[in-house]
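Trainee: Got a structure here, written out as structure tokens. Questions coming.
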Amino acid sequence: MAQKISEIMESLPDWDFLKQLPQEIDGFQLLAGTGLKGQILNIAAYVNDAMHCRLDLTYTTETFDYIPVKTIGLHTFRDERYFCRDRDRFAEQMLEHLPDLIAIVDRNHHHEMGWEAKNAGFPTWEGWKKLPKRIGNYELFITPDNPVEYINGSMLFLDYTDFATGDQIVFMYNSFRDEIFAEFKCKYFPLTTDEFNAKNLDELDILLEEKLEKNLLKLSQESY
């Protein structure tokens, strides 16, 4: 029978693993966990606020697993390679692989594309280089020369974010479907769109020129 999450939280001060964690890894500072919220217990976190990135060590009663959770900008996703129900085994994995996990969320590290994205022409795509680094309050946060391997076969290759408001347009390539598409966030609330669905990067170039600034302005005016 799985241990109650309240019991796990109460036992954290006596867990030697937390005392062994380094205080800093490549500019990410160790912070105490934020505690219990719903089904999630936040145990500890490595945070780089200036980079808008973090790695959280958590436990969830959704699956009764200990799980590292990666946050890059406004994108938060679990690393399914390290789902673990055994606390001691999770501690061993984290102590061994923390530098690798930090490297994934560290935007100062270079991240490679998968072969599917390379076959789709991303390494030779020049169109994104014409895009401004800022559009209004939006910052060009993710670019194809340093993409993010996301979930369900998707790669994040362009991201304009207003970190003050939680507004965002992110562009993805899905290797399973060989598709390019975009998603919005408005005040952190996710929204779907077909405005930027493209069969290839040449089509995307046209859509970016015609619709990018217009959609960013519209997004800034929405409220949720």
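The values are calculated or read from the model by the stated rules, or taken from the named source; none is laboratory data. All figures in this text were calculated on a predicted structure; none of them were measured in a lab. FYI the Cβ positions are ideal-geometry reconstructions off the backbone, even for glycines, and counts take in every protein chain you see. Note: accessible area is taken over every heavy atom of the protein model, side chains too, but ligands, DNA and RNA are not part of it. Shrake-Rupley method; radii C 1.70, N 1.55, O 1.52, S 1.80 Å.
Trainee: Can you tell me which of (1) surrounded by fewer than 13 Cβ atoms within 10 Å (Cβ to Cβ); (2) at pLDDT below 95; (3) farther than 27 Å from LEU30 by Cα is the one GLU116 doesn't meet?
Mentor: (1)
Trainee: Of all residues in the range 33-64, which are open to solvent by 40 Å² or more (accessible area, probe 1.4 Å), modelled with pLDDT under 95 and part of a strand (DSSP E or B)?
Mentor: Matches in the range 33-64: THR34, LEU36, LYS37.
Trainee: Ok, one more. Which pairs have Cβ atoms under 6 Å, sit 6 or more apart or on different chains, and link a residue in the range 178-195 that is open to solvent by 40 Å² or more (accessible area, probe 1.4 Å) to one that is at pLDDT below 95 and not acidic (Asp, Glu)?
Mentor: Listed pairs, sorted by first residue: LYS187/TYR224; PHE189/TYR224.
Trainee: Would it be correct to say that GLY166 is of a type in the set (Gly, Ala, Ser), at pLDDT 95 or above and in contact with a Leu (Cβ under 8 Å, 6 or more places away or on another chain)?
Mentor: When the stated conditions are applied, GLY166 passes them.
Trainee: Of all residues in the range 1-27, which are at pLDDT 95 or above, open to solvent by 80 Å² or more (accessible area, probe 1.4 Å) and part of a loop (DSSP other than H, G, I, E, B)?
Mentor: GLN23, ASP26
Trainee: Assuming ASP100 fulfils every condition listed in (1) open to solvent by less than 30 Å² (accessible area, probe 1.4 Å); (2) more than 30 Å from PHE184 (Cβ to Cβ); (3) under 20 Å from the mean Cα position of the chain (by Cα) apart from one, which condition is it?
Mentor: All conditions pass for ASP100, except number (1).
Trainee: While we're here: Kindly provide the set of residues from the range 65-88 that are exposed (fewer than 14 other Cβ atoms within 10 Å of the Cβ), among the basic types (Lys, Arg) and either under 21 Å from the mean Cα position of the chain (by Cα) or assigned to a strand (DSSP E or B) (or both), ordered by number.
Mentor: ARG81 - this is the single residue of the range 65-88 that is exposed (fewer than 14 other Cβ atoms within 10 Å of the Cβ), among the basic types (Lys, Arg) and either under 21 Å from the mean Cα position of the chain (by Cα) or assigned to a strand (DSSP E or B) (or both).
Residues are listed down the side, and each one gets a yes or a no for (1) over 21 Å from PRO99 (Cα atoms); (2) touching a Ser or Thr at 6+ places or on another chain (Cβ under 7 Å):
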{"position": "SER11", "(1), (2)": "yes, no"}
{"position": "TRP15", "(1), (2)": "no, no"}
{"position": "LEU21", "(1), (2)": "no, no"}
{"position": "CYS53", "(1), (2)": "no, yes"}
{"position": "ILE67", "(1), (2)": "no, yes"}
{"position": "HIS75", "(1), (2)": "no, no"}
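Trainee: Restricting attention to the range 142-161, report how many residues are open to solvent by less than 20 Å² (accessible area, probe 1.4 Å) and in contact (Cβ under 8 Å) with a residue 60 or more places away in the chain.
Mentor: Looking only at that region, the number is 5.
Trainee: So, one more: Can you tell me which condition LYS133 does not meet? The list is (1) closer than 28 Å to ASP167 by Cα; (2) open to solvent by less than 20 Å² (accessible area, probe 1.4 Å), and all the others hold.
Mentor: Exception for LYS133: condition (2).
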